[in-house]
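The values are calculated or read from the model by the stated rules, or taken from the named source; none is laboratory data. Predicted model, so just to flag it, every value in this text is computed and none were measured. Reconstructed Cβ throughout: ideal geometry from the backbone, glycine too, with neighbour counts over all protein chains shown. Accessible surface is based on the protein model in full, side chains and every heavy atom, while ligands, DNA and RNA are left aside. Shrake-Rupley method; radii C 1.70, N 1.55, O 1.52, S 1.80 Å.
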Amino acid sequence: MSNLTEWGRFSEPALYILMSLAAGPKHGYAMIDDIESFAGMRLGPGTLYGAIGRLEENGLIEALPSDDRRRPYQLTPAGREFLGEQLTTMQRIIQIGTARLGNLLQAGGGN
Amino acid sequence: MKWLIYLYPKAWRKRYGDEFLALLEEQPTTVWDIFDTLRGALDARITFYRKANMNPLKTPSILGILAAIIGVIFLVIAFPLAVIDEGAGEFFLMIAALPILTVATYSLHQMVKGQLPRLQRLPFSLTLGAIGLALLGGWALYASAPNSVDGDDAQRSIFWLAVLAGFGIWLALKHLQLMVYQKQNPLPKGLLVTGIYSGVGWAIVMASAILNTVNSDVTDSLSGVFGINILLWLGCQIIWMVWFAHFNFKTHLPRPQTA
C-alpha cells in the first residue's frame, strides 16, 4: 500500500498503532493506553481492531504467540520502513507549515 | 457487551474473537465503546468478506426454497382472511411473509450461483415468482394495515413493525455487501442506489405503518409521501432482484456437466 489515506477513518488510528508498537510489542489494551498518553485519543475497540486487521493484512504488524487471550503485536520490517516514510512525510509538512506560519506571524507583527 | 462480538463475521471472530473479548473485559464499557463496536462490526461485515473473497450470502439454498414455500403459505392463508376480516393476526402473517420471501430470493440467488447445478434454470424462475409473490404480499400488507389499534394490539403492532424496520436496515446492508463483493465485476452505479433504497424504502414503509398505528391523522396528511415511497421501494426491489438474478444467471451460472 502506498498511503494510509486509503483506509479512511482508520488511517490515523493505524499510524498511532505503528507508533505505539515502535516502542515495543504490545497487546490491544496496552496500545489503547499508550496512544492515549501520547496522542490524547482513546481508541474504541472496534476502531482498534479495524486498524489492526488492516495493518496485519498489509504485513505491517504481526501477532506474537501468547499463552493467554491477550495477543501482543509487533512491527514487521515492512512496518518499520512504512512508519519511517510516514513520519518523514509528516515532518516535512510540519516544517513547511511552521515556516509559513512564522512568516505570517512576522508579517502580521510588522503591521 | 460481550454479545456484541456476535455481530462480527464468524471468520473474524475465529481470528480476533478471544483477544477482542479480553479487551472488552479489561476496560469499563462506555456508550461510545458500544457504538464504536457496532461501527467496527459493520466495517468487518463489509471489508472482511471482500478481502476473503467470500460470498456474504452463503445461505443454504434449500433453506431458501423452504422459506419461499412458507411465505407462499402465509400469503395464501393471510390474504383472503385479511380481505374478509381485517385484523392484527392476519396482518402479522402477511408482514412475516414478506421478509421470508426476501430471504428466499437471496437464497435462490445462491442456487443460481451454482450450488445446485442440476437446478440451474429452476431457481431463476422461482426468483421471478418470489418477486411476484412479494409484490402481492406488499399490496395485501398495505391494504390491510390497521388504521388504529388500541391497547395491547397497538404495542404488538409497533413491536413487530419496529423489528421489520430493522430488517429493512439489514436488507440495505446486505445490498451494500453484495455491491462490495461484486466489485471485481463492474456493476451499473444505478444498481447501488436501487439496492440500497430497496432496504431503506422498506424501513420507511414499516416506519409509516408504525406511525399509522400511533396517529393515523399524521399518516393521512403524509399519504402522498408514503405512497411515493412504496412505489419507489417496489420499483427498486424489482429492478435490483431481477437484474441481480440475471447478472448471476449470465455470469456465474455454470453449464451443466455432460457425461
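Structure notes:
- Listing of helices (runs of 4 or more DSSP H) fully contained in the stretch B:1-88 that carry 3 or more residues being modelled with pLDDT under 60: B:31-52, B:61-84
- Consider the stretch B:10-37 and keep the residues that are open to solvent by 60 Å² or more (accessible area, probe 1.4 Å) and facing another protein chain (nearest Cβ under 7 Å). The one that is nearest to A:G44 (Cα to Cα) is B:W32.
- The set of residues in the stretch A:59-111 being assigned to a loop (DSSP other than H, G, I, E, B), within 14 Å of another protein chain (Cβ to nearest Cβ) and in contact with a Ser or Thr (Cβ under 7 Å, 6 or more places away or on another chain) consists of A:G59, A:P72.
- Inclusion of A:R54 among residues that are open to solvent by 50 Å² or more (accessible area, probe 1.4 Å) and touching a helix residue (DSSP H, G or I) at 6+ places or on another chain (Cβ under 7 Å) is not warranted.
- Residue match in the stretch A:94-108 (condition: farther than 20 Å from B:L24 by Cα, within 11 Å of the chain's Cα centre (by Cα) and either open to solvent by 60 Å² or more (accessible area, probe 1.4 Å) or aromatic (F, W, Y) (or both)): no
- Residue in the stretch A:11-22 that is open to solvent by 90 Å² or more (accessible area, probe 1.4 Å) and in contact with an Asp or Glu (Cβ under 7 Å, 6 or more places away or on another chain) present: no
- So A:P77, is it open to solvent by 60 Å² or more (accessible area, probe 1.4 Å) and in contact with a strand residue (DSSP E or B) (Cβ under 6 Å, 6 or more places away or on another chain): no
- Residue within the stretch A:3-11 that is among the aromatic types (F, W, Y), assigned to a helix (DSSP H, G or I), closer than 26 Å to B:P28 by Cβ and more than 9 Å from chain B (Cβ to nearest Cβ) present: no
- Any hit, the stretch A:35-43, residues being at pLDDT below 90, open to solvent by 50 Å² or more (accessible area, probe 1.4 Å) and either more than 9 Å from chain B (Cβ to nearest Cβ) or more than 14 Å from the chain's Cα centre (by Cα) (or both): no
- Which numbered condition A:I17 misses (of (1) closer than 21 Å to B:Q27 by Cβ; (2) out of contact with any strand residue (DSSP E or B) (no Cβ under 8 Å at 6 or more places or on another chain); (3) β-branched (V, I, T)): (2)
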